[in-house]
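Heads up, the thing below is written out as structure tokens.
The values are calculated or read from the model by the stated rules, or taken from the named source; none is laboratory data. Given the structure is predicted, the values throughout are model-derived calculations rather than measurements. Cβ: placed from backbone, ideal geometry, glycine included. Neighbour counts: every protein chain shown.
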């Protein structure tokens with residue numbers, strides 16, 4: 001669960017990203033695992049869901065580092081956080097997302113997917129289309 005005010009916006013990294021509304025200080029707790037919002041499910045369940053559900057779960061869930069054979073799906077904006085080789089957040093303990101440096105308001109929040117994934121980091125094609133809103137006149 002995100003512990004700071006944040007919003008989704010187009011990302012230069014990929015599709016949508018999570019951006020901080022306010023300044024964040026180095027060492028601040030930005031995310032924490034929340035059992036009510038962050039759902040763990042057996043990885044084997046992916047074999048028994050409809051293709052569009054599987055696509056969603058494969059894209060937005062990740063291996064639960066505390067429970068082998070389970071995946072974690074975040075219930076808030078955190079699931080849109082993009083990967084960076086030089087992230088501004090540390091998720092390595094699987095419980096907290098901690099700011100690695102001062103992060104100015106309006107900055108995209110990033111994490112290193114290697115903190116919770118083993119093997120090759122697989123990136124998926126964009127799921128969200130970024131188009132300008134349509135304006136209607138009466």
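Answer yes if at least one residue in segment 71-92 is crowded, with 16+ Cβ neighbours inside 10 Å, within 22 Å of residue 16 (Cβ to Cβ) and modelled with pLDDT under 90, and no otherwise. The answer is yes, given that some residue of segment 71-92 is crowded, with 16+ Cβ neighbours inside 10 Å, within 22 Å of residue 16 (Cβ to Cβ) and modelled with pLDDT under 90.
Looking only at residues of segment 25-59 that are under 17 Å from residue 112 (Cα atoms) and at pLDDT below 90, we find that the one that is surrounded by the fewest Cβ atoms within 10 Å (Cβ to Cβ) is 59.
Restricting attention to segment 60-70 and to residues that are more than 25 Å from residue 4 (Cβ to Cβ) and touching a helix residue (DSSP H, G or I) at 6+ places or on another chain (Cβ under 7 Å), the residue that is surrounded by the fewest Cβ atoms within 10 Å (Cβ to Cβ) turns out to be 69.
Each row is one residue, and each column tells you yes or no for (1) farther than 26 Å from residue 53 by Cβ; (2) assigned by TED's automatic domain parsing to the domain that holds residue 55; (3) modelled with pLDDT of 60 or more; (4) over 17 Å from the mean Cα position of the chain (by Cα).
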{"residue": "96", "(1), (2), (3), (4)": "yes, no, yes, no"}
{"residue": "101", "(1), (2), (3), (4)": "yes, no, yes, yes"}
{"residue": "104", "(1), (2), (3), (4)": "yes, no, yes, yes"}
{"residue": "110", "(1), (2), (3), (4)": "yes, no, yes, no"}
{"residue": "122", "(1), (2), (3), (4)": "no, no, yes, no"}
{"residue": "125", "(1), (2), (3), (4)": "no, no, no, no"}
{"residue": "131", "(1), (2), (3), (4)": "no, no, no, yes"}
{"residue": "135", "(1), (2), (3), (4)": "yes, no, no, yes"}
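Quick check on segment 33-48. Is at least one of its residues in contact (Cβ under 8 Å) with a residue 24 or more places away in the chain and under 20 Å from residue 101 (Cα atoms)? Looking through segment 33-48, none of the residues is in contact (Cβ under 8 Å) with a residue 24 or more places away in the chain and under 20 Å from residue 101 (Cα atoms).
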